[in-house]
Amino acid sequence: MLRITNARHRLPAVFGTGLLIVLALGVMIGAGIFSLAGQQAASMAGPAVIISFLIAAVVCVLAALSYAELSSTLPTAGGVYTFAYVAFGEVWAWIVGWALVLELVVAAALVSRVWAAYFTSTLGGLGIGVPAFVADHSSVTEGTGWIAALLVIVLALLVAAGTKLSGRVLTGIVAAKLIAVALVIVIGAGHVKASNYAPFVPDVVTGAGARGSVLQSLTGGTGDAFGLTGIFTAAGVIVFAFIGFDLIATAAEDTRNPRRSIPRAMLGAIGIVTVLYVVMATVLVGLRPYQELGTDAPVSDALRSIGPGWSSDVINIGALFGLTTVVLVVLIAQSRVLFAMGRDGLLPRSLSHVGTGSAPARAALVAGLAAALLALDPGTANREQLLVLGTLFAFGFCAVGVIRLRKSQPDLERGFMVPMVPFLPIVSLVATIWLSFNLSWTTWRNFVIWMIVGLLVYGLYGRGHSALGNREELPPAPEDATDGAAVSERQPGAHRAGYR
């Protein structure tokens, strides 16, 4: 039986259900609502972006059911990487883990650039002079993102300092941004104009060119925007706004009573943000004509056009808080994925070292460095679809993983069970594939290139250093896994051997 070596490679249980929900909200309420909602309304869906949010929510709820079952069955670090290892084996686990690395690094880099744009907007709104260096390097789409990179480095150091410290900071910031979202809704609701909702579904506009989706190309389209096609295309991108519930799974090993806490936190977080997203999107598109929402900071710009000046300043500050927590939680999740892959030997073992702050400090610093380097590239602003595709790829694996484990290991203890298996997981898989086909050919090409590089890394390094492949014999772990502690000791690779 293969097991982990010692306490240096185990994470202490510090998260409860409440803090897990905070963790999810920390990343879910951010760029998706403060930036993407307006941009997708302006460029792809019009006022019907509200429907796009609902479509994305349904897909994510279906995926969350599978995540909840697998997380409550295999409560260990690594999330879907762990699930794939148990259900499909090492090669597929590596592929999924590599996709997660892509998703999380791009997310941290992209959101940090949005944060930089809101930062300069906030300074300008408060009448504070913006230094030329800051102004030149804080655009979402232009210039070298030095401000964004600096943010990532600071937050990576915070994650490396320890789980408890970052958790306290996260709780305070999440509370602040919830207040900001509520403020947008309350102030904006009084200035909504019914005329801004017409036409609710704008007429189709052709000629989006290379940004045309795979589905449009297969059905003879020409890169259309708006219309029914625009609603689904926007929904594919808006899945980005719901990324966060799945990241709870990466913190399973840090969680007290994970079999109950993780499913509750996942489904609770999705319920909360779905209500907030739909209400806030409804208010946003009612404040200004949708064509005017395609700015770097659409929410604060919309409020500035209709309300008291102080309201947009408060929203800018709230957005800064919100975007900060997104980057923070993404880095926490990324460090857990790298920790799990390092512990399994698929990446350097040094990544599995737990520092004095009870966090995988080395993994956190590596994650931060990678995201900071990517944040420097202005082209990162065009990669939101790439991280969405990585997420949808993981969603699909979870759906298939539930079906496979129900058949191959039916006696595993499950804290939560997806109803109507295999029907609901199949529906989840089909919905995930459908949304992924609404992403662009360019996105698919880049994703395939990334996965080919990943397979080369696995062949040149991971396969030869794999703990499972080398049949490492490690000290036995306690057999009682009811509270998640013993489960965190069964290793390598997501404690797969303990389940076989």
Legend entry - Placed amide H near T255: partners under 5 Å, 5+ positions off or other chain: V14, F15
Legend entry - Which of A363, G401, V299, positive extreme of dipole for segment 270-421 (C-beta unit charges): G401
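Tell me, F437, F83 in order of fewest to most beta-carbon neighbours within 10 Å? Can you show the working numbers first?
On the way: F437 18, F83 30.
With the fewest neighbours first, F437, F83 line up as F437, F83.
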Inset, instruction - Just rank D136, D344, D224, fewest to most, by other beta-carbon atoms within 10 angstrom. - result: D136, D224, D344
Legend entry - Approximate spin-label separation D203-L369, in nm, with each point projected 7 Å along Cα-to-Cβ: 5.5
Legend entry - Under the Karplus curve 6.51 cos²θ - 1.76 cosθ + 1.60, θ = phi - 60°, whole-Hz ³J(HN,Hα) for segment 100-113, x wherever Gly or Pro sits: 5, 4, 4, 3, 6, 5, 5, 4, 4, 5, 5, 5, 5, 6
Legend entry - Sequence of S195, S312 once ranked by neighbouring C-beta atoms within 10 Å, starting from the fewest: S195, S312
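Quick note: the coordinates plus some simple rules give every number you see, no bench work behind them. Please read all numbers here as calculations on a predicted model, not as lab measurements. In this analysis, Cβ positions are derived from the backbone assuming ideal geometry, glycine residues included, and neighbour counts consider all displayed protein chains.
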